[in-house]
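**Student:** First, the structure itself, so that you have it in front of you.
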Amino acid sequence: QLQLVESGGDLVQPGGSLRLSCAASASGYYAVAWFRQAPGKEREGISCISSSGGTTYYKESVKGRFTVSRSNAKNTVYLLMNNLKPEDTAVYSCAAKPTSWETPVTNMCVQTPYDYWGQGTQVTVSS
């Protein structure tokens, strides 16, 4: 089965940037979503990218600050996080599901089931 491993989480000051990586164990046609969970809060979906990378989705609270991208040659999806805020502090996880190459992601993408999950990487935004 597909395995996903997140990396790149760190302690960063407000206004700083981080780039998270989600490395997959094999190539294939997968839509990928990023989720985060802060202590005492429910997990929330924040971004999605289609198999081809042609379409993306962002939760309103991160739109304009975060950018999701992928390198299918490297079997890796990235989440670039700019202008980080303390409320961004959370464990960030990626998840994948098989789709066709041409299937777009929509604003419903974070509400759909995913087949494969990583174990998460900690992002802490604090001064």
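The values are calculated or read from the model by the stated rules, or taken from the named source; none is laboratory data. Being a predicted model, the structure only gives us computed values, none of them experimental. With ideal geometry, Cβ positions are generated from the backbone for all residues, glycine too; neighbour counts draw on all protein chains shown. Note: accessible area is taken over every heavy atom of the protein model, side chains too, but ligands, DNA and RNA are not part of it. Shrake-Rupley method; radii C 1.70, N 1.55, O 1.52, S 1.80 Å.
**Student:** Total Lys pairs in the chain closer than 23 Å by alpha-carbon, pairs eight or more apart in sequence or interchain only?
**Tutor:** Number of lysine pairs found: 8.
**Student:** Just to confirm a number: summing +1 for Lys and Arg and -1 for Asp and Glu over residues other than GLN122 whose beta-carbon lies under 13 angstrom from that of GLN122, what do you get?
**Tutor:** -2
**Student:** Just the accessible area for LYS59, please: 1.4 Å probe, Å², rounded to the nearest 10?
**Tutor:** In the full protein context, LYS59 sits at about 60 Å².
**Student:** Something else about it: Using the Karplus curve 6.51 cos²θ - 1.76 cosθ + 1.60 with θ = phi - 60°, what ³J(HN,Hα) values do you get for each residue of the stretch 21-30, in whole Hz, with x for Gly and Pro?
**Tutor:** Each residue's phi maps through the Karplus curve to give 10, 10, 9, 9, 7, 7, 7, x, 9, 9 Hz.
**Student:** Let me ask something else. For the stretch 3-12, what does the Karplus curve 6.51 cos²θ - 1.76 cosθ + 1.60, with θ = phi - 60°, yield as ³J(HN,Hα) per residue in whole Hz, taken in order and with x for Gly and Pro?
**Tutor:** 3J(HN,Hα) across the stretch 3-12, in whole Hz: 10, 10, 10, 8, 8, x, x, 6, 8, 9.
**Student:** Report, by chain and number, residues whose modeled amide H sits under 5 Å from the one on THR55, excluding near sequence neighbours (fewer than 5 apart, same chain).
**Tutor:** Sorted by chain and number, the residues that satisfy this are SER50, VAL105.
**Student:** Calculate the dipole size of the chain relative to its Cα centre from +1 charges on Lys and Arg beta carbons and -1 charges on Asp and Glu beta carbons; express the result in debye to the nearest 20.
**Tutor:** It comes to approximately 140 debye.
**Student:** Ok, one more. Please give the net charge around VAL91, taking every other residue with its beta carbon less than 15 angstrom from that of VAL91, where Lys and Arg add +1 and Asp and Glu add -1.
**Tutor:** -3
**Student:** For TYR116, enumerate residues with amide H under 5 Å from its amide H, sequence gap 5+ or separate chain, H modeled in the peptide plane.
**Tutor:** Residues meeting the amide H criterion: ALA96.
**Student:** Picking from SER126, ASN82, SER7, whose Cα lies most toward the positive end of the charge dipole for the chain (charges on Cβ: Lys, Arg +1; Asp, Glu -1)?
**Tutor:** Of SER126, ASN82, SER7, it is ASN82.
**Student:** Per the 1.4 Å probe, what fraction of the accessible area of the chain, in percent, lies on carbon and sulfur atoms?
**Tutor:** It is 46 percent, rounded to a whole number.
**Student:** Could you give the accessible area per residue of the chain, probe 1.4 Å, as a whole number in Å²?
**Tutor:** Result: 53 Å² per residue.
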